[in-house]
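**Student:** Input: one structure, supplied below.
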Amino acid sequence: MSGPRWPRRVVDGWRSGTQHSQEITLAILVAGVVGSFALSLVDYDLFPLAGYLLWLLAGTLLLRYTPLVVLCMVVLFAAVVARLTLDEDVGNPVPGLVILLVAIGLILYVSSRQRSGLPTTLSESMLADLRDRLNAQGRLPELPDGWACESAMVAAWGVGYAGDFVVTQVDEAEGTFELVLVDVVGKGVKAAPSALLLAGALGGMVGALRGPRLLEATNTFLLRQDSVESFATAVHVTLDLDTGDYTIFSAGHPPALRWDPKLGEWSVDTARGIALGVLDDPALEAAHGVLEPGQALLFYTDGVVEAPGDDIEDGIDWLRGTAGRAFADGVDGAARRVLARVPRGDDDRAVLILSRSAAG
């Protein structure tokens, strides 16, 4: 039993990036280089100079910077000795060795620029895990009959990492639903780490803190961050699932929209406030209302309505018309239909619709 488990432990250790696992990986790669060196001495055609680039590529994918330097030196020594021991009729060794040296230089430079300190494959895995955690954080819960909530999000440049996220909480005992839509400063990959950090903090506070206290605590959290760019806009809604009563707080976020089925249009909500992480007091002004059967609330981030050179009010008017046509085609998929009609831009975009069915 210990035999099959050992390779698994090695792989799991490598995924964690520990020094011991790196030493084992380096030893395996060095053993491969030594074997290749032996083949080169026996018959150069079995493993020519270009073959050593394969070990460098493997090292780039599997090793951190320091063990990668060791591997590069071993590869360079083996390649030089193997090539120089050949007869002169094989050809001039200088061009091939120069190419190998350039390749080693480029590989070490790229590895030294890895800010995570991890091999390329582990860095990619870490980014993917970050994205998955952020997406899982924003998974919308099941609501009671008569209520529906759906969202659609697109990251800047389509990279899959965004600064827009959602945090939700359903309190079955009190019959309430809380939702926070956040847009952190930045876009795409650059904003994703800040979004994950803030999403974790909000996930721990939502439900424990209610109303303005939640956003005020978030504001304090951001002010304590050691960065001049630690700020975000947010909109927070608390909904009574029995009566439809709701309260909206907005901290520098674009105004929410409310659907009126009698008029067949979206109206602009009045909740206002200052972005979080800017001032000690975000000056939050609440908006209250009742979501009747057939009505809905629409929340979105500025990437949906802002465009270079255009006024945001024009963007909101455009969204009201676009969302009206999308919502008229049915509640299901309305958020995706709205987002699909947003012109492509260089900012993250999110749309979220909370609705009460006409028969609710």
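No lab work stands behind these numbers, since they all come straight from the coordinates. Everything numeric here is computed off the predicted structure, so don't read it as measured data. Glycine also receives a Cβ, built like all others from the backbone with ideal geometry; neighbour counts cover every protein chain displayed.
**Student:** Taking R0 as 51 Å, what's the FRET efficiency between V81 and A201 from their Cβ-Cβ distance, rounded to 0.05?
**Tutor:** That gives a FRET efficiency of 0.35.
**Student:** Right, another one. Can you tally the net charge around R272? Count Lys and Arg as +1, Asp and Glu as -1, for every other residue whose Cβ sits under 14 Å from the Cβ of R272.
**Tutor:** Local net charge: -3.
**Student:** May I pose another question? Dividing the convex hull volume of the Cα atoms of segment 172-301 by its residue count, what figure in Å³ per residue is obtained?
**Tutor:** Value for segment 172-301: 107 Å³ per residue.
**Student:** Additional query: Once both labels are modelled 7 Å past Cα along the beta-carbon direction, what's the D240-A340 spacing in nm?
**Tutor:** 3.8 nm
**Student:** Here's another thing I want to ask about it. Any chance you could tell me what percent of the C-alpha pair distances in segment 247-353 go past 15 Å?
**Tutor:** So the pairs more than 15 Å apart make up 64 percent of the total in segment 247-353.
**Student:** Between R113 and A31, what's the calculated FRET efficiency when r is the beta-carbon distance and R0 is 25 Å? Round to 0.05.
**Tutor:** 0.30
**Student:** Follow-up question, since we're still on this one. Once both labels are modelled 7 Å past Cα along the beta-carbon direction, what's the L106-L61 spacing in nm?
**Tutor:** 1.7 nm
**Student:** Based on the alpha carbon coordinates of segment 259-305, what radius of gyration and maximum Cα-Cα distance (Dmax) apply, in Å?
**Tutor:** Just the Cα atoms of segment 259-305 yield Rg and Dmax of 13.9, 41 Å.
**Student:** Now for a separate question. Which Cα, out of G244, V331, G273, lies furthest along the positive dipole direction of segment 241-360 (beta carbon charges, K/R +1, D/E -1)?
**Tutor:** V331
**Student:** Which distance in nm do the two modelled labels at H288 and D329 give, with both placed 7 Å along the Cα-to-Cβ direction?
**Tutor:** 3.8 nm
**Student:** Quick one: net charge of L257's neighbours, Cβ under 12 Å, K/R +1, D/E -1?
**Tutor:** After counting each charged neighbour, the total is -2.
**Student:** What translational D, rounded to a whole number of µm²/s, comes out for segment 295-344 from Stokes-Einstein when the hydrodynamic radius is the Kirkwood one over Cα pairs, at 4 °C and 1.567 mPa s?
**Tutor:** 115 µm²/s
**Student:** Which peptide among 104-114, 196-206 comes first, and what is the full order, when sorted by highest mean count of other Cβ atoms within 10 Å?
**Tutor:** Going from most to least packed, we get 196-206, 104-114.
**Student:** Next question, about the same structure. Provide the net charge surrounding S36, with neighbours chosen by a C-beta distance below 15 Å and charges set as Lys +1, Arg +1, Asp -1, Glu -1.
**Tutor:** Summing Lys/Arg as +1 and Asp/Glu as -1 gives -1.
**Student:** Okay, next question. Once the Cβ-Cβ distance between S227 and L54 is put in as r, and R0 is 51 Å, what FRET efficiency do you end up with, to the nearest 0.05?
**Tutor:** For R0 = 51 Å, the calculated efficiency reads 0.75.
**Student:** If you stretched the chain out fully between D45 and D310, how much longer would it get, using 0.36 nm times the residue separation minus the C-alpha to C-alpha distance?
**Tutor:** Computed gain between D45 and D310 is 88.9 nm.
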